[in-house]
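The values are calculated or read from the model by the stated rules, or taken from the named source; none is laboratory data. Quantities reported herein were computed from a predicted structural model and do not represent experimental measurements. For neighbour counting, all protein chains shown are included, and Cβ atoms are generated from backbone atoms with ideal geometry for every residue, glycine included. The accessibility values were calculated without ligands, DNA or RNA, using every heavy atom of the protein model including side chains. Shrake-Rupley method; radii C 1.70, N 1.55, O 1.52, S 1.80 Å.
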Number of protein chains: 2
Amino acid sequence: MKRYDVCEERCIHEETVRKVEDEMLGDEVFSHLSNDFKMLGDLTRVKMLFALSREELCVCDLASILNLSESAISHQLRLLRNHNMVKFRRDGKMAYYSLSDQHVVQLLKMGVEHAQE
Amino acid sequence: MKRYDVCEERCIHEETVRKVEDEMLGDEVFSHLSNDFKMLGDLTRVKMLFALSREELCVCDLASILNLSESAISHQLRLLRNHNMVKFRRDGKMAYYSLSDQHVVQLLKMGVEHAQE
DNA sequence: TGCACATATGAGCATTTATTCACATGAAAA
DNA sequence: TTTTCATGTGAATAAATGCTCATATGTGCA
């Protein structure tokens, strides 16, 4: 277990570092946070989420819109489900997906604003 | 080049799919978007960005706060720089980093809200 | 100049991840 | 029941990614 304490005793701004350390959140929070953003950090998934922000869609619809295999879409939908970003309802053979809340929409909106600068 | 057109002519909801296809953004926008979110989708980087949202910090400070090597931090800072998420100023031997705009802060804030549900 | 030190970077390695293929599941229709 | 079809999933593979180690860069100071 390395400590990287070379700098820790010389160059750092002790005050500032201590202050920021105090303000840091718990590891689980950061972990949760980065995992959520990771869901948005993929071209396929971000397109899927954007599409779902417009309409409820089945696997087949998404596959058609993104021009990807249904298997690929299904795999990604499972990830999104596990991260509580989408919900779904079954109707016969079909499964209809939609966003599980409005947070994703807001994040997407903010992201687009930033991207368009 | 597969077309996955099996479904395209049978099970899809043509109306809905066409509507959503019309509303989809350009590929460059989605690409930009997912790349930005990807920067937030890593435990180390999200911690770095959070820390930088509190104080301007040097490489050494960040390494100390995250308990990681300065090399690792430097590599990640380069990524963040390339994505215009952090800016830096040199002062002698030191390099001081800070967030390049408030968008990241807002995204982090929204992410935390969502994570805490 | 020459040394010390903070930061930057290239190569290598181990891990993660996105897609495909093949097959399983489950519901509707024949 | 048997068939069909939309969806779900495990295994495999190729690509991307994060860290480490070694080394380079560049600044301040003796």
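Side notes on the structure shown:
- Residues satisfying the stated conditions in segment B:56-66, i.e. open to solvent by 10 Å² or more (accessible area, probe 1.4 Å), more than 7 Å from every other protein chain (Cβ to nearest Cβ) and touching a Phe, Trp or Tyr at 6+ places or on another chain (Cβ under 8 Å): B:Glu56, B:Val59
- Evaluation of A:Leu80 against (1) within 8 Å of DNA strand C (Cβ to nearest atom); (2) in contact with a strand residue (DSSP E or B) (Cβ under 9 Å, 6 or more places away or on another chain); (3) assigned to a helix (DSSP H, G or I) (one fails), failing number: (1)
- Close pairs from segment A:89-115: first away from chain B (no Cβ under 11 Å), partner aromatic (Phe, Trp, Tyr) and not in a helix (DSSP H, G or I), Cβ under 7 Å, at least 6 apart: A:Arg89/A:Tyr96; A:Ala95/A:Phe88; A:Tyr97/A:Phe88
- Among (1) within 14 Å of DNA strand D (Cβ to nearest atom); (2) in a helix (DSSP H, G or I); (3) touching a helix residue (DSSP H, G or I) at 6+ places or on another chain (Cβ under 9 Å); (4) at pLDDT 95 or above - the single one A:Cys7 does not satisfy: (4)
- Matching entry among B:Gly41, B:Gly26 (being within 9 Å of DNA strand D (Cβ to nearest atom) and closer than 30 Å to A:Ile65 by Cβ): B:Gly41
- Residue, most open to solvent (accessible area, probe 1.4 Å), within segment B:26-55, restricted to residues that are assigned to a helix (DSSP H, G or I) and of a type in the set (Gly, Ala, Ser): B:Ser31
- Selection within segment A:49-77 - near DNA strand C (Cβ under 9 Å from one of its atoms) and closer than 21 Å to A:His32 by Cα: A:His75, A:Gln76
- The listed residue being at pLDDT 95 or above, within 16 Å of DNA strand D (Cβ to nearest atom) and under 15 Å from the mean Cα position of the chain (by Cα), out of B:Leu77, B:Leu108: B:Leu77
- Within segment A:85-105, restricting attention to residues that are in a strand (DSSP E or B) and either of a type in the set (Gly, Ala, Ser) or open to solvent by 90 Å² or more (accessible area, probe 1.4 Å) (or both), the residue that is farthest from DNA strand D (Cβ to nearest atom) is A:Ser98.
- In segment A:26-49, the residues that are at the interface with another protein chain (Cβ under 7 Å from one of its Cβ atoms) and not charged (D, E, K, R): A:Val29, A:Phe30, A:Ser31, A:His32, A:Leu33, A:Ser34, A:Phe37, A:Leu40, A:Gly41, A:Leu43, A:Val46
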